[in-house]
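Please read the structure below before turning to the comments.
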């Protein structure tokens, strides 16, 4: 390979590496803004919860599901 091909290859590699860094930075910024927006939305929706549930009573206990399960009918044996 000639010197010119190596020079063009190196320049092209550097340009592609810089483009990858720019793309990664933009993707990270978009994800960061989306995460911040989601956090702000969740905070806004849940900011009144402690005041609304201040006087409520929590009933603790256990429960058991007593609905009968359907049985598979027995087949005739041959």
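Summary table
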read-out: Angle between the chain longest axis and helix 3-46 axis [Cα atoms, degrees, rounded to 10]; value: 30
read-out: For the chain, fraction of C-alpha pairs farther apart than 18 Å, in %; value: 78
read-out: Helix-derived mean residue ellipticity, 222 nm - over the chain, DSSP H n ≥ 4, -39500 (n - 2.57), to 500; value: -21500 deg cm²/dmol
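A short reminder: the numbers here are calculations on the coordinates, not readings from a lab. Keep in mind that this is a model prediction, so the values were computed, not measured.
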